[in-house]
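First up is the structure itself, then whatever we jot down about it.
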Amino acid sequence: MEEKSEKIADIVDNLRRVFQVVHGQSKKAERETGLTSSQLWAIKVMSEAGSIRVSDLARRMYLHPATTVGILDRLEKKGLVSRTRSLEDRRVVNVALTQEGRGIVEKSPQVAQGLLVAGLEKLSSANLKKIDEGLGQMVKILGAQEIPPQLILSPEVNEPEAQVKSRSRRKKESNS
């Protein structure tokens, strides 16, 4: 039984460490750049890719395109990115950093979400499966299976557009 108690303590301590790093990095990013960690992560990914399609940016950030568009809307308002519609296919939108956006990337700190994704991408499928199963169990323990996944320390929610529309429709129906 002692071994089980030690394992539980180790798990809780490791979760605390993860939250500390993510929180600390996010606050540092916001303090130094005025951007949320998600916005900073987006411009860092864009700086590596140059001009990139919105759908490719979403894929590289492991986000739904609708979530990515919301982040890009705010970055565009700040003058950090520009969008251009493809001349070959009007449905395709490319985004690129402005000069101001490139300047922020050069002086910005690391982003915890980027570190996390880079580290996970290096793991074997077997290790990814273990982590996925363990985190899935934690979500069940907390009863959080139905909660839309909010980006780390950000108001952005990463869910498919269909779920957003469905929730909005249910909300309207319940208010009627």
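Just so you know, all these numbers are worked out from the coordinates, no wet-lab data involved. These figures come from a predicted structure and were not determined experimentally. Glycine also receives a Cβ, built like all others from the backbone with ideal geometry; neighbour counts cover every protein chain displayed.
Being without any contact (Cβ under 8 Å) to a residue 12 or more places away in the chain and over 30 Å from Thr68 (Cβ atoms) is a property that holds for Glu2. Pairs linking a residue in region 33-54 that is in a loop (DSSP other than H, G, I, E, B) to a residue that is surrounded by 16 or more Cβ atoms within 10 Å (Cβ to Cβ), with Cβ atoms under 6 Å and 6 or more positions apart or on different chains, are Thr36/Ser154; Ser51/Asn94; Ser51/Ala96. Filtering Ser86, Ser37, Ser108 for residues that are in contact with a strand residue (DSSP E or B) (Cβ under 8 Å, 6 or more places away or on another chain), on the phi < 0 side of the Ramachandran plot and of a type in the set (Gly, Ala, Ser) leaves a single hit, Ser86.
Need the failing condition index for Thr68 against (1) out of contact with any Gly (no Cβ under 9 Å at 6 or more places or on another chain); (2) surrounded by 18 or more Cβ atoms within 10 Å (Cβ to Cβ); (3) under 20 Å from Gln99 (Cα atoms); (4) not hydrophobic (A, V, I, L, M, F, W, C), just the number. Failing condition for Thr68: (3).
Those residues that are out of contact with any helix residue (DSSP H, G or I) (no Cβ under 8 Å at 6 or more places or on another chain), over 20 Å from Asp56 (Cβ atoms) and surrounded by fewer than 12 Cβ atoms within 10 Å (Cβ to Cβ), I need them from region 101-123; list them, please. Once the filter is applied, which keeps residues that are out of contact with any helix residue (DSSP H, G or I) (no Cβ under 8 Å at 6 or more places or on another chain), over 20 Å from Asp56 (Cβ atoms) and surrounded by fewer than 12 Cβ atoms within 10 Å (Cβ to Cβ), region 101-123 yields Glu106, Gly119, Lys122. Taking Ser26, is it surrounded by 10 or more Cβ atoms within 10 Å (Cβ to Cβ) and outside any loop (DSSP other than H, G, I, E, B)? For Ser26, the condition - surrounded by 10 or more Cβ atoms within 10 Å (Cβ to Cβ) and outside any loop (DSSP other than H, G, I, E, B) - is met. Against the conditions (1) under 22 Å from Val22 (Cβ atoms); (2) in contact (Cβ under 8 Å) with a residue 12 or more places away in the chain, Ala66 satisfies every one except (1). Condition first: closer than 19 Å to Thr33 by Cβ and touching a Lys or Arg at 6+ places or on another chain (Cβ under 7 Å). Can you find one or more residues in region 110-123 that meet it? Yes, region 110-123 has at least one match. For the criterion of being farther than 25 Å from Gly119 by Cα and either surrounded by fewer than 16 Cβ atoms within 10 Å (Cβ to Cβ) or touching a residue at least 60 places away in the same chain (Cβ under 8 Å) (or both), Arg74 fails.
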